[in-house]
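For reference, the structure discussed in these notes is given below.
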Amino acid sequence: MPRLEGKVALISGAARGQGACEGRLFVQEGAKVVLTDVLDEEGESVAADIREQGGDAIYLHLDVTQEQQWQDVIQATVDRYGKLDILVNNAGIFPMFRVEETTVELWDQVMDINVTGVFLGTKHAIPAMRAAGGGSIINISSVAGLVGGSRASAYSASKGAVRILTKNTAVQHATDGIRANSVHPGIIVTQMTEELLSDESAREQRLTGTPIGRFGTVDDVAYGVLFLASDESSYVTGSELVIDGGSTAQ
Ligand code: NDP
């Protein structure tokens with residue numbers, strides 16, 4: 001039986017990269033999926049492609065910093081598919097600035113998208129999931145939310161905040177049947193890491209620091225997210241799934 005048979009999922013930042021891959025995998029595993037992003041053309045095209053292959057998916061515009069948009073998208077999900085079982089808070093930005101180089105404007109922008117976006121999604125998904133008898137919230141943090149790094153200070157702080165917000169959600173909503181877990185990818189090859197990996201020395205350094213000896217793929221992350229989304233992980237909440245080729249194991 002497909003692993004997400006009968007489930008309804010909402011994914012933020014799903015027009016490309018990891019979110020799009022998770023959308024495709026969820027549909028293959030029997031879910032109905034609402035893909036959302038600010039990149040409308042790309043998002044519509046992913047949804048259309050899924051439908052052409054016989055899957056059930058729609059695309060809706062959602063800027064995760066906008067509370068009213070979250071409310072509208074969650075309502076539209078329930079109106080169309082009857083409920084909400086799975087939320088993947090995946091949208092994020094990754095500016096690479098050290099502490100001293102970080103302006104307050106940049107700091108606020110990163111916190112708005114990477115942290116407030118997760119908070120708002122969580123806050124407004126909870127009533128819908130409670131009405132559905134439970135659900136699974138998967139927050140995409142990063143290894144940058146677990147250990148310090150040489151760049152991307154605001155990003156690291158934001159991903160650390162996501163890690164602990166996830167545990168609060170897990171503790172507060174376990175009795176509602178709502179689980180919340182964070183995922184901590186290492187370097188995954190997507191548009192987000194293009195700039196970082198175009199620097200040959202940074203690339204070599206990161207590769208040397210990855211015991212498995214390669215960077216991650218969107219599939220590597222999506223299969224972990226799938227496990228957390230499915231009922232196979234029904235006793236897993238408040239946990240951290242690290243998908244980093246061993247880089248933080250050292
Ligand atoms: P992508 O940049 O390909 O995907 C992120 C998506 O989020 C983009 O489509 C982006 O659009 C969108 N987005 C940005 N701002 C908003 C917003 N305000 N509202 C809605 N959507 C928005 O990167 P990945 O797929 O790699 O990243 C997915 C998640 O994984 C992120 O949370 C990232 O931090 C995390 N992650 C990524 C790692 C990696 O190595 N790639 C490692 C660890 C964690 P836009 O182009 O407008 O920014």
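For beta carbons closer than 6 Å, sequence separation of 6+ or different chains, a first residue in the range 164-177 that is without any contact (Cβ under 8 Å) to a residue 12 or more places away in the chain and among the small types (Gly, Ala, Ser) and a second that is crowded, with 16+ Cβ neighbours inside 10 Å and part of a helix (DSSP H, G or I), there are no qualifying pairs. Considering the conditions (1) under 16 Å from the mean Cα position of the chain (by Cα); (2) under 21 Å from Met129 (Cβ atoms); (3) surrounded by fewer than 23 Cβ atoms within 10 Å (Cβ to Cβ), Glu29 is excluded by exactly one of them, (1).
Taking the stated definitions as given, is Arg80 surrounded by fewer than 18 Cβ atoms within 10 Å (Cβ to Cβ), modelled with pLDDT of 95 or more and not polar (S, T, N, Q)? Considered against the rule, which asks whether it is surrounded by fewer than 18 Cβ atoms within 10 Å (Cβ to Cβ), modelled with pLDDT of 95 or more and not polar (S, T, N, Q), Arg80 comes out as yes.
For Thr166, the conditions (1) touching a strand residue (DSSP E or B) at 6+ places or on another chain (Cβ under 6 Å); (2) farther than 24 Å from Leu35 by Cβ all hold with the exception of (2). The numbered conditions (1) crowded, with 16+ Cβ neighbours inside 10 Å; (2) of a type outside the set (Ser, Thr, Tyr); (3) more than 16 Å from Gly13 (Cα to Cα) are all true for Glu105 except (1). Listed by first and then second residue, the pairs linking a residue in the range 1-13 that is more than 10 Å from Asn90 (Cβ to Cβ) to a residue that is aromatic (Phe, Trp, Tyr) and at pLDDT 95 or above, with Cβ atoms under 6 Å apart and 6 or more places separating them unless they lie on different chains, are Leu4/Phe26; Val8/Tyr81; Ala9/Phe26. When the range 14-31 is filtered for residues that are more than 11 Å from the ligand (Cβ to nearest atom) and in contact with a Ser or Thr (Cβ under 9 Å, 6 or more places away or on another chain), only Glu29 remains.
Among the residues making up the range 22-42, those that are touching an Asp or Glu at 6+ places or on another chain (Cβ under 6 Å) and in a loop (DSSP other than H, G, I, E, B) are Gly30, Val38.
Taken over the range 48-77, the criterion of being away from the ligand (no atom under 13 Å from the Cβ) and crowded, with 17+ Cβ neighbours inside 10 Å is satisfied by Ile50, Gly55, Ala57, Ile58, Ile74, Thr77.
Give, as residue ranges, the strands (runs of 3 or more DSSP E) completely inside the range 132-250 that count at least 3 residues that are touching a helix residue (DSSP H, G or I) at 6+ places or on another chain (Cβ under 9 Å) and away from the ligand (no atom under 11 Å from the Cβ).
Fully inside the range 132-250 and qualifying: 135-140, 178-185.
The values are calculated or read from the model by the stated rules, or taken from the named source; none is laboratory data. A quick note: this is a predicted structure, and the numbers were derived from the prediction, not measured. FYI the Cβ positions are ideal-geometry reconstructions off the backbone, even for glycines, and counts take in every protein chain you see.
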